[in-house]
Amino acid sequence: MAMAKVKCPHCGGTDVYGNGKSKTGTPRYHCQNADCKKYFMLEYVYNGWKPGVDEAIVKMAANASGIRDTARVLDISNDKVMSTLKKQKMR
């Protein structure tokens with residue numbers, strides 16, 4: 001059986017161990033790097049959980065995209081867009 005090396009998307013470390021499976025059967029991983037210690041999955045079922053989506057929401061809002069437009073383009077829910085924008089500090 002071939003084993004692929006998994007890299008942590010947060011720190012890039014290779015000291016990663018399997019940590020069970022999600023409800024949909026996707027494997028979960030845990031980074032053992034002393035500075036990181038984060039849990040992650042390589043494939044996400046819902047697009048709102050993928051890394052970088054929060055930054056894309058904020059960029060689209062800064063470029064005057066509406067909530068429904070952002071949700072439609074990124075294929076996520078309106079509630080995800082609203083909760084992300086509420087968490088951002090307004091300057």
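So which residues in the stretch 21-35 are loosely packed, with under 10 Cβ neighbours inside 10 Å and either of a type in the set (D, E, K, R) or within 20 Å of Val45 (Cβ to Cβ) (or both)? Break it down into steps so the answer makes sense when it comes.
So in the stretch 21-35, the residues loosely packed, with under 10 Cβ neighbours inside 10 Å come out as 23, 25, 34-35.
Of everything in the stretch 21-35, those that are loosely packed, with under 10 Cβ neighbours inside 10 Å and either of a type in the set (D, E, K, R) or within 20 Å of Val45 (Cβ to Cβ) (or both) turn out to be Lys23, Gly25, Asp35.
Only one of Tyr39, Tyr44, Tyr17 is free of Cβ contacts under 8 Å to residues at least 40 places away in the same chain and surrounded by 14 or more Cβ atoms within 10 Å (Cβ to Cβ). Can you tell me which? Write out each step before concluding.
Numbers: Tyr39 fails: surrounded by 14 or more Cβ atoms within 10 Å (Cβ to Cβ); Tyr17 fails: surrounded by 14 or more Cβ atoms within 10 Å (Cβ to Cβ).
On inspection, the qualifying residue turns out to be Tyr44.
Just to be sure I understand, how many residues within the stretch 10-29 are in a strand (DSSP E or B), within 16 Å of Pro51 (Cβ to Cβ) and within 17 Å of the chain's Cα centre (by Cα)? Write out each step before concluding.
Looking only at the stretch 10-29, we keep the residues that are in a strand (DSSP E or B), and these are 16-21, 27-29.
With within 16 Å of Pro51 (Cβ to Cβ) added as a condition, the list becomes 16, 28-29.
Narrowing further to those that are within 17 Å of the chain's Cα centre (by Cα): 28-29.
Here the count works out to 2.
In this structure, is Ala64 of a type in the set (A, V, I, L, M) and at positive phi?
yes
Looking at Lys86, Lys5 in this structure, which one is at negative phi and part of a loop (DSSP other than H, G, I, E, B)? Working first, answer last.
Numbers: Lys86 fails: part of a loop (DSSP other than H, G, I, E, B).
Only one candidate passes the filter, namely Lys5.
Under the condition of being among the acidic types (Asp, Glu) and within 19 Å of Ser83 (Cα to Cα), which residue from the stretch 38-58 is farthest from the chain's Cα centre (by Cα)?
First pass over the stretch 38-58, keeping only residues among the acidic types (Asp, Glu): 43, 54-55.
Subset that is within 19 Å of Ser83 (Cα to Cα): 54-55.
Working: Asp54: 8, Glu55: 10 Å.
Filtering first and then ranking leaves Glu55.
Can you name the number of the only condition in (1) in contact with a helix residue (DSSP H, G or I) (Cβ under 6 Å, 6 or more places away or on another chain); (2) in a loop (DSSP other than H, G, I, E, B); (3) not hydrophobic (A, V, I, L, M, F, W, C) that Asn33 fails?
(1) is the only condition that Asn33 fails.
Bear in mind these aren't lab numbers, they're just calculated from the coordinates by the rules spelled out. On a predicted model such as this, the values are computed, not experimentally measured, just so you know. Glycine also receives a Cβ, built like all others from the backbone with ideal geometry; neighbour counts cover every protein chain displayed.
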